[in-house]
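Novice: Questions regarding the structure given below will be posed in turn.
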Amino acid sequence: MIEHIDKTTEMMETIVLGLRLVRGASKKIFRARFGMNIDDVYPGIIAELKELGLLEEADEYIRLTPRGWLLSNEAFVRFL
């Protein structure tokens, strides 16, 4: 069975799956895939997670901090 998802769900799944990687979610790949910047789609969420110490930006990636790995579900649920 094939499940078709809308663009919003696809963007959310892309970011959550990317954050599960050590290097994080690629801003470049997100932009190429959706024609939008992660920071423009999720500005409040990213700022909040950075403020909580769960997320950081490095080069063209956003990724979980060491604290973020321990509390990853707290980060992921904000994108849902």
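Novice: Name the one entry in Lys28, Lys50 that is closer than 15 Å to Leu71 by Cα, assigned to a helix (DSSP H, G or I) and over 9 Å from the mean Cα position of the chain (by Cα).
Specialist: Lys50
Novice: I've got another one for you. Residue check: is Arg63 under 13 Å from the mean Cα position of the chain (by Cα) and part of a helix (DSSP H, G or I)?
Specialist: Taking the combined requirement at face value, the residue does not satisfy it.
Novice: In addition: Given the conditions (1) part of a loop (DSSP other than H, G, I, E, B); (2) of a type in the set (A, V, I, L, M); (3) modelled with pLDDT of 95 or more, and given that Ile2 satisfies all but one, which numbered condition is not satisfied?
Specialist: Checking Ile2 against (1) part of a loop (DSSP other than H, G, I, E, B); (2) of a type in the set (A, V, I, L, M); (3) modelled with pLDDT of 95 or more, the one that fails is (3).
Novice: Tally up the residues in segment 2-17 that are surrounded by 14 or more Cβ atoms within 10 Å (Cβ to Cβ) and either in contact (Cβ under 8 Å) with a residue 24 or more places away in the chain or farther than 18 Å from Leu80 by Cβ (or both), please. Reasoning before the result, please.
Specialist: Initially, segment 2-17 is screened for residues surrounded by 14 or more Cβ atoms within 10 Å (Cβ to Cβ), giving 11-12, 14-16.
Adding the requirement that they be either in contact (Cβ under 8 Å) with a residue 24 or more places away in the chain or farther than 18 Å from Leu80 by Cβ (or both) leaves 11-12, 15-16.
So the count comes out to 4.
Novice: Okay, moving on. What is the residue count in segment 29-61 for residues that are more than 19 Å from Thr9 (Cα to Cα) and not acidic (Asp, Glu)? Steps first, please.
Specialist: Let us first name the residues in segment 29-61 that are more than 19 Å from Thr9 (Cα to Cα), namely 47-61.
Restricting the remaining residues to those that are not acidic (Asp, Glu) gives 47, 49-50, 52-55, 58, 61.
Final tally of qualifying residues: 9.
Novice: Of all residues in segment 66-76, which are within 13 Å of Glu56 (Cα to Cα) and open to solvent by 70 Å² or more (accessible area, probe 1.4 Å)?
Specialist: Within segment 66-76, Pro66, Arg67, Trp69 qualify.
Novice: I would also like to ask the following. Of everything in segment 41-65 that's over 26 Å from Ile5 (Cβ atoms) and modelled with pLDDT under 95, which residue is surrounded by the most Cβ atoms within 10 Å (Cβ to Cβ)?
Specialist: The selected residue is Glu57.
Novice: Please verify whether Ile45 is outside any loop (DSSP other than H, G, I, E, B) and in contact (Cβ under 8 Å) with a residue 60 or more places away in the chain, treating the condition exactly as stated.
Specialist: So Ile45 fails the test.
Novice: Could you run through segment 1-37 and say how many residues are within 17 Å of Ser72 (Cβ to Cβ) and of a type in the set (A, V, I, L, M)? Show your work before the answer.
Specialist: Going residue by residue through segment 1-37, those that are within 17 Å of Ser72 (Cβ to Cβ) are 12-25.
Applying the additional criterion that residues be of a type in the set (A, V, I, L, M) yields 12, 15-17, 19, 21-22, 25.
So the answer is 8.
Novice: Of the residues Phe79, Phe30, Phe34, which is in contact (Cβ under 8 Å) with a residue 60 or more places away in the chain, open to solvent by less than 60 Å² (accessible area, probe 1.4 Å) and among the aromatic types (Phe, Trp, Tyr)?
Specialist: Working: Phe30 fails: in contact (Cβ under 8 Å) with a residue 60 or more places away in the chain; Phe34 fails: in contact (Cβ under 8 Å) with a residue 60 or more places away in the chain.
On inspection, the qualifying residue turns out to be Phe79.
The values are calculated or read from the model by the stated rules, or taken from the named source; none is laboratory data. Predicted model only: the values in this text are computed from it and were never measured. Counting neighbours? That spans all protein chains shown, and the Cβs are built from the backbone with ideal geometry, glycine included. Calculation scope for accessible area: heavy atoms of the full protein, side chains included, ligands and nucleic acids excluded. Shrake-Rupley method; radii C 1.70, N 1.55, O 1.52, S 1.80 Å.
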